[in-house]
Amino acid sequence: MFVAGPWPCLVGASAAGLLAILLVWKRSSDPFSRAAIVVLGVLAWIHVSNAMAMGYGSKILWWRQMALLGEMILPVSLSYLTLGLAVQAGLESARQRRRRCALMLLAAMGLAVAIQIIPHGFMQLTGSSEQVMFVDPWGRMIWGAILLGLVWSLADLEHFLRALRDPLRYQLKFILIGFGGIAGVAIAQATQLLLLPVWNMTYAWVNGLATALCVGLMTIGFARWRVREISQKLTISHQALYTSLTFFLVGGYLIFVGVVAEVIRRSDWAIGEALGLLVFFVAAVGLVTVAVSRQARMGLKQFVGRHFLRSKHDYRAKWLEMTEAFAACETTDQILDQYLLLLSRTFGAPRIGIWMRFEVDGRYHQVRTVNTEPAPYPLDSAHPLLCILREQGEPVQFLHCDEEQNPVLREFLHLTKAILCVPLQTRKDIIGFVTLSSEAQGRPYEVDDVDLCRVMAYHVAMLLVQAKLMEDRAARAKWDAVTQFAAFYIHDLKNLAGGLSLVVQNAQEYGHDPEFHESVIRTVARTAHRMTELMKKLSDRLKGSAESDATGSHRTNVNAVIQDTLELMNGQGVQPIAQLGSHLAPVALMPEQLKQVLLNLLVNAQQAVQGDGVIEVRTEQCGKTVLLTIKDTGPGIPPARLASLFHPFQSTKESGMGIGLYQCKEIIERYHGSIRIESQEGRGTCVIITLPTVDGESS
């Protein structure tokens, strides 16, 4: 019959089992959650075995052997946990970790088999029925192997925790701290048993409660985964003062915890020693939790800047940090990643967002954030916030939301919790902006904060412009390379045409020969297959691009070109519905090139609707420009693809080259027109083209 002793083990086993069941029910599809379920199952096995050993004294050795099997598997399961995290994060080290995990599993299985065949056993009871002694040298060998595996696994967890960045770090820190705490308790037990190989029920008592605490931390983590200068003459480094104060705070905290734990251990309580160890463990887990919290670090830095330093920020150190952060950045994405990291390190705002204007639709989209919430809706260039930023030309702080404020602006500030908006501005326009919510305890931003935001935004805006120029230059270089290779493909097509011409000539002499008929069929089949392959590699539209170098003056009737294009597409797929405006002024564009643009866009629309939908083509006169729109009811384009839709070699189709839309943009802009795409998933896509009329004529 069970006694009161097993209850801590049962608490730990129940906590691990319940969380494992919850993960199986809710999150069993991703690799990391599956690995977490395995670790929790091993923990439940260990604590159930310990509880049985404490409850049934007559079979204590057998149940301890069962628990030991689980303790040997625990390092392997923790290694499997890091493997699941590496697989889910798409790290290149996943294959190496998989081999390491398999090696650890083989070692654990070999050790388990070895201890089963040890003569006379490797465990025996001491004078007390509550203590189990491990026989040398087997006991030290077993616990040494377990200790080595646990240290290896804990080092992996610590590496992941340091390497993760927000928002992933925010999501996973409590989970990794929880598993790290379990590994830490197991390491403490393995170390003690390696030095003195005598197990008693106190170990099970402490491990059970420590497991329950760590499982509670992991539960919180999985739930969140569903986010003065001292004198005038002496200058002290911000970082040095921050580090020193952190050292004193942590040191004082550890001394206090140590005193409390020692007082408990020296008390007359029967469980005083175990309770003292538990207090120290809880304090250590709490210290690690606070240490990895961005809010705690930023709160301490703000306290130091407000009470010990004249200026809140060390501008020299921050400038060096910015220089080092952006030194290796070559692309827009790398710059935005580093910018978000700098903002999260510098300011204590729990909500930070970076918004950039997409060339494809002219709207501003949130492209980076430290939060896990869905991105707010994109902003048009005429949004009240953009108007204010253009007018001010500097960071704007919204301290109060009054009734006189524009309702659209008030809704945006409510959604983003933003009180400070910083423009990323060039000489021409705003290419993006940053939103920051209030810092810790709801304090507004000071002058030092706003000045630092302004400097950082100016530097980042210049870097983004330079990166955009480099990306455009690289795109044009790729396009030039394609046009150079076109000559080789044309040469192949010319040879294929020559072969067909030769067949036609021979047909006059051998037309009645059956063998000649078979040869002709084979030749034509090979030629068609080769032509199809060439067309897949290089679109025949490149010929139109090569001819477009001569951009002389033309007077083109847009409606006439549309009608010719629709007749050319007659009988192929869904037929577009034309709603053409009357009395359109002519535009300065070669008819062949306009037809090429129309064919490209209409074929894309037909492929989007897939034989079941509507395609509309509209034209109308808008002052001194002609507006041409092509709208379809297809599935739409995902927002993640909009930013790169006009880049060459970026196709949404498996067999596409990613050249068509880039070529359309080049042709339209060569004649001083514009093209933009508006799309929503599930609602379709609309392409809007504006073309200037000849000499500014109007209807």
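The values are calculated or read from the model by the stated rules, or taken from the named source; none is laboratory data. On a predicted model such as this, the values are computed, not experimentally measured, just so you know. Every residue, glycine as well, gets a Cβ built from its backbone with ideal geometry; the counts of neighbours run over all protein chains shown.
Looking only at the range 216-273, residues that are at pLDDT 70 or above and either on the phi > 0 side of the Ramachandran plot or among the polar types (S, T, N, Q) (or both) come to 4 in all.
Restricting attention to the range 553-574, which residues are assigned to a loop (DSSP other than H, G, I, E, B) and at pLDDT below 85?
Step one: filter the range 553-574 for residues assigned to a loop (DSSP other than H, G, I, E, B), giving 553-555, 557, 569-574.
Of everything in the range 553-574, those that are assigned to a loop (DSSP other than H, G, I, E, B) and at pLDDT below 85 turn out to be SER553, HIS554, MET569, ASN570, GLY571, GLN572, GLY573, VAL574.
If CYS387 satisfies every condition in (1) surrounded by 16 or more Cβ atoms within 10 Å (Cβ to Cβ); (2) of a type in the set (A, V, I, L, M, F, W, C); (3) not in a loop (DSSP other than H, G, I, E, B) but one, which is the exception? Failed condition: (1).
Step by step: first the residues of the range 2-44, then only those that are assigned to a loop (DSSP other than H, G, I, E, B) and more than 17 Å from LEU176 (Cα to Cα), then the one that is modelled with the lowest pLDDT. Which residue is that?
Residues of the range 2-44 that are assigned to a loop (DSSP other than H, G, I, E, B), as a first pass: 2-6, 27-30.
Still in the list and also more than 17 Å from LEU176 (Cα to Cα): 2-6, 28-29.
Details: PHE2: 37, VAL3: 43, ALA4: 45, GLY5: 66, PRO6: 80, SER28: 72, SER29: 76.
Within the range 2-44, the match that is modelled with the lowest pLDDT is PHE2.
Of all residues in the range 678-694, count the ones that are in a strand (DSSP E or B) and either crowded, with 22+ Cβ neighbours inside 10 Å or under 32 Å from the mean Cα position of the chain (by Cα) (or both). Of the residues in the range 678-694, 10 are in a strand (DSSP E or B) and either crowded, with 22+ Cβ neighbours inside 10 Å or under 32 Å from the mean Cα position of the chain (by Cα) (or both). In the range 612-651, the residue that is nearest to the chain's Cα centre (by Cα) out of those that are among the aliphatic types (A, V, I, L, M) and surrounded by fewer than 16 Cβ atoms within 10 Å (Cβ to Cβ) is ALA640. Please tell me if VAL434 is assigned by TED's automatic domain parsing to the domain that holds THR346 and either farther than 19 Å from GLN366 by Cα or in a helix (DSSP H, G or I) (or both). It is false that VAL434 is assigned by TED's automatic domain parsing to the domain that holds THR346 and either farther than 19 Å from GLN366 by Cα or in a helix (DSSP H, G or I) (or both).
Can ALA525 be described as modelled with pLDDT under 80 and farther than 23 Å from GLN663 by Cα? Reasoning before the result, please.
Working: modelled with pLDDT under 80: yes; farther than 23 Å from GLN663 by Cα: yes.
Yes, satisfied.
Of the residues making up the range 190-200, those that are under 14 Å from LEU68 (Cα atoms) and either crowded, with 20+ Cβ neighbours inside 10 Å or hydroxyl-bearing (Ser, Thr, Tyr) (or both) number 4. Restricting attention to the range 479-499, the residues that are surrounded by 15 or more Cβ atoms within 10 Å (Cβ to Cβ) and at pLDDT 70 or above add up to 1. Would you mind stating whether LEU589 is touching a His at 6+ places or on another chain (Cβ under 9 Å), within 25 Å of PRO692 (Cα to Cα) and surrounded by 19 or more Cβ atoms within 10 Å (Cβ to Cβ)? Yes, satisfied. Filtered by the rule that a residue be farther than 18 Å from GLN392 by Cβ and either touching a Gly at 6+ places or on another chain (Cβ under 8 Å) or small (Gly, Ala, Ser) (or both), the range 449-470 gives LEU464, ALA467.
Pairs are defined by a Cβ separation below 9 Å, a sequence spacing of at least 6 or placement on different chains, a first member in the range 320-345 that is over 12 Å from VAL460 (Cα atoms) and outside the structural domain of VAL292 (by TED's automatic domain parsing), and a second member that is at pLDDT 85 or above and polar (S, T, N, Q); the pairs so defined are ALA328/GLN334; ALA328/GLN338.
With respect to (1) more than 16 Å from the chain's Cα centre (by Cα); (2) closer than 20 Å to GLY432 by Cα; (3) not aliphatic (A, V, I, L, M), the lone exception for ARG316 is condition (2). Among the residues of the range 263-282, just one is out of contact with any helix residue (DSSP H, G or I) (no Cβ under 7 Å at 6 or more places or on another chain) and part of a helix (DSSP H, G or I), namely VAL263. The set of residues in the range 45-59 being among the aliphatic types (A, V, I, L, M) and surrounded by fewer than 22 Cβ atoms within 10 Å (Cβ to Cβ) consists of MET52 alone.
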